[in-house]
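Asks: Got a structure for you, questions after.
The values are calculated or read from the model by the stated rules, or taken from the named source; none is laboratory data. Worth saying up front: this structure is predicted, and the values here are computed from it rather than measured. We place every Cβ from the backbone using ideal geometry, glycine too, and count neighbours over all the protein chains shown.
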Amino acid sequence: MSEPASALERLLAGYMSHLRVDRRASEHTLEATRRDSTAFLAYCAECGIHEPRRVDIHTVRGFITRLHRKGQQPSSLRRYLSSLRGLFRYALREGLAEHNPVAGVRGPKGKRELPKVIMAEDLDNALNLEAEGELGARDKAMVELFYSAGLRLAELQKLDVPPGDRFPDEVRVLGKGSKERIAPVGGKAREALDAWLRERGAMAAPEESALFVGRNGRRLSQRSIELRLAAWARTVGLPAHLHPHKLRHSFATHMLEASGDLRAVQELLGHANLSTTQIYTQLDWKRLAKVYDEAHPRAKRRIT
């Protein structure tokens with residue numbers, strides 16, 4: 001017989017169930033939380049700690065220090081701490097701990113990387129090229145929809161064929177935490193999607209509901225979509241590596257530059273908190289600062 005699970009292992013099992021059932025967390029969040037917490041439990045076992053109440057701030061700091069010495073980046077260390085804070089908040093709620101040992105541990109500061117975007121003119125020129133064949137029509141339609149609606153990869157991959165003869169001007173998507181939102185679809189994207197739907201019938205397997213299918217007639221996987229976007233970019237000569245999140249970042253940045261409405265961009269992206277969207281104001285400020293430096297007669301900051 002296997003050894004009975006320790007109290008910490010039972011805590012993690014309960015927390016994962018809570019995330020899955022009550023919080024309806026995404027698979028990505030569940031996997032990251034499980035991976036991070038399992039690594040911490042293994043460290044605790046090495047230290048002879050098997051009860052949630054025996055975990056203290058020194059245990060957490062020792063774990064983070066070990067990860068740092070192994071070369072983990074600040075962003076990864078902050079993610080570990082975030083996972084553990086949630087685990088011990090749950091332990092407090094369930095009466096399995098008397099305090100949150102992670103609350104006093106601050107993550108290392110690291111340079112926040114601004115999301116990379118594609119120049120609007122470059123993307124516009126690439127999308128204005130004619131698509132070749134059914135696969136070309138499909139790939140162009142995916143790029144247009146990513147860029148038009150600011151969708152995440154998982155959101156686009158799960159889309160089914162909408163009812164009606166023409167693609168609608170909005171789509172209903174299921175975002176992070178199973179939160180539903182309506183995303184607008186622009187005219188150019190609808191044209192590309194209509195062109196793809198005319199080709200799709202010859203590729204899709206009978207009874208397949210997926211909007212985007214592969215050569216086997218079945219729903220494209222997320223990895224296949226990533227590969228197809230990269231191949232499309234090479235085919236049209238786009239001077240940048242292309243992946244779904246770069247299109248989402250480009251959508252947000254270009255929308256903010258044109259409108260200046262941060263709240264609207266937040267709603268369009270499906271961000272729960274405005275702070276998540278505010279990173280795009282840094283991108284916009286960099287552009288404005290460049291314009292200022294180039295245009296203002298007294299903007300020179302140093303004598304050359």
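Asks: Give the residues of the stretch 31-44 that are modelled with pLDDT under 95 and surrounded by fewer than 16 Cβ atoms within 10 Å (Cβ to Cβ), sorted by residue number.
Replies: Glu31
Asks: Which residue is modelled with the highest pLDDT, if the candidates are limited to the stretch 146-171 and must be outside any helix (DSSP H, G or I) and charged (D, E, K, R)?
Replies: Within the stretch 146-171, the first condition is being outside any helix (DSSP H, G or I), and the residues that meet it are 150-152, 158-171.
Now drop any that are not charged (D, E, K, R), which leaves 152, 158, 160, 165-166, 169-170.
Values: Arg152: 87, Lys158: 92, Asp160: 95, Asp165: 84, Arg166: 90, Asp169: 87, Glu170: 87.
Filtering first and then ranking leaves Asp160.
Asks: Taking the condition of being in contact with a Pro (Cβ under 8 Å, 6 or more places away or on another chain) and within 23 Å of Leu67 (Cα to Cα), how many residues in the stretch 1-52 meet it? Give the steps one after another, and end with the answer.
Replies: Looking only at the stretch 1-52, we keep the residues that are in contact with a Pro (Cβ under 8 Å, 6 or more places away or on another chain), and these are 7-8, 11.
Next, from what is left, pick out any that are within 23 Å of Leu67 (Cα to Cα): 8, 11.
The number of residues fulfilling the criteria is 2.
Asks: When you go through (1) more than 30 Å from Ala25 (Cα to Cα); (2) touching a residue at least 24 places away in the same chain (Cβ under 8 Å) one by one for Val173, which number turns out not to apply?
Replies: (1)
Asks: With assigned by TED's automatic domain parsing to the domain that holds His50 and either farther than 13 Å from Ala189 by Cα or buried (at least 16 other Cβ atoms within 10 Å of the Cβ) (or both) as the only criterion, which of Leu145, Leu87, Leu159 stands out?
Replies: Details: Leu145 fails: assigned by TED's automatic domain parsing to the domain that holds His50; Leu159 fails: assigned by TED's automatic domain parsing to the domain that holds His50.
After ruling out the rest, the residue left standing is Leu87.
Asks: When the residues of the stretch 172-187 are filtered to those that are under 14 Å from the mean Cα position of the chain (by Cα) and assigned to a helix (DSSP H, G or I), which remaining residue is surrounded by the most Cβ atoms within 10 Å (Cβ to Cβ)?
Replies: The selected residue is Lys176.
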